[in-house]
1. Residues of the stretch 1-14 being crowded, with 17+ Cβ neighbours inside 10 Å and among the hydrophobic types (A, V, I, L, M, F, W, C), which ones?
2. How many of the residues making up the stretch 12-38 are over 11 Å from A53 (Cβ atoms), within 24 Å of the chain's Cα centre (by Cα) and of a type in the set (G, A, S)?
3. Pull out all pairs, ordered by first then second residue, where Cβ-Cβ is under 8 Å, the residues are six or more apart or on different chains, the first lies in the stretch 58-85 and is modelled with pLDDT under 80, and the second is surrounded by 11 or more Cβ atoms within 10 Å (Cβ to Cβ).
4. Among what's in the stretch 15-53 and is under 14 Å from L65 (Cα atoms) and among the hydroxyl-bearing types (S, T, Y), pick the residue that is surrounded by the fewest Cβ atoms within 10 Å (Cβ to Cβ).
5. Looking only at the stretch 73-88, count how many residues are of a type in the set (A, V, I, L, M) and assigned to a helix (DSSP H, G or I).
6. When the residues of the stretch 86-96 are filtered to those that are of a type in the set (D, E, K, R) and exposed (fewer than 10 other Cβ atoms within 10 Å of the Cβ), which remaining residue is modelled with the highest pLDDT?
Amino acid sequence: MIDGELQAVEAGLRSSDAFVLRRCQILLSSTRGKRVPEIARDLGCSDDAVLSAIHAFNEGGLHTLEKGSSRPHTIHAAFDAQDTERLRAILRHRCDGLSSGACCARCA
């Protein structure tokens, strides 16, 4: 870790963002020579979380201190166009027989 990175990581220890704080704690512990299991135990997180933070920093530098979106990169439709139209028809349908406990043939 170079001086500029070290200063940024140390500044991150004062962050109000828990994600940034935890990443900085992990990185500083690693820089000080602590092993992954020891860091995980000290910070109450998994070995995988520690490894993930260290690998992310090695790949992306200080940008990894910024929390990314948790939204999936790809969204898959739950319904195709035909199923969407069928669902809309069901939602728009009003059955007058519901109050008597019966339902129309369309809803059956």
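The values are calculated or read from the model by the stated rules, or taken from the named source; none is laboratory data. Quantities reported herein were computed from a predicted structural model and do not represent experimental measurements. In this analysis, Cβ positions are derived from the backbone assuming ideal geometry, glycine residues included, and neighbour counts consider all displayed protein chains.
1. As a first pass, look at the stretch 1-14 and keep what is crowded, with 17+ Cβ neighbours inside 10 Å: 9, 12.
Of everything in the stretch 1-14, just one residue is crowded, with 17+ Cβ neighbours inside 10 Å and among the hydrophobic types (A, V, I, L, M, F, W, C), namely V9.
2. Total meeting the criteria: 4.
3. Filtered contacts from the stretch 58-85: E66/V20; K67/D17; K67/F19; K67/V20.
4. Here the residue is S16.
5. Start the filter on the stretch 73-88 by keeping residues that are of a type in the set (A, V, I, L, M), which leaves 75, 77-78, 81, 87.
Pick out the ones that are also assigned to a helix (DSSP H, G or I) and you get 81, 87.
Residues flagged as of a type in the set (A, V, I, L, M) and assigned to a helix (DSSP H, G or I) within the stretch 73-88 amount to 2.
6. Within the stretch 86-96, the first condition is being of a type in the set (D, E, K, R), and the residues that meet it are 86, 88, 92, 94, 96.
Those still in the list that are exposed (fewer than 10 other Cβ atoms within 10 Å of the Cβ) too: 92, 94, 96.
Working: R92: 83, R94: 73, D96: 63.
Per the stated criteria, the residue is R92.
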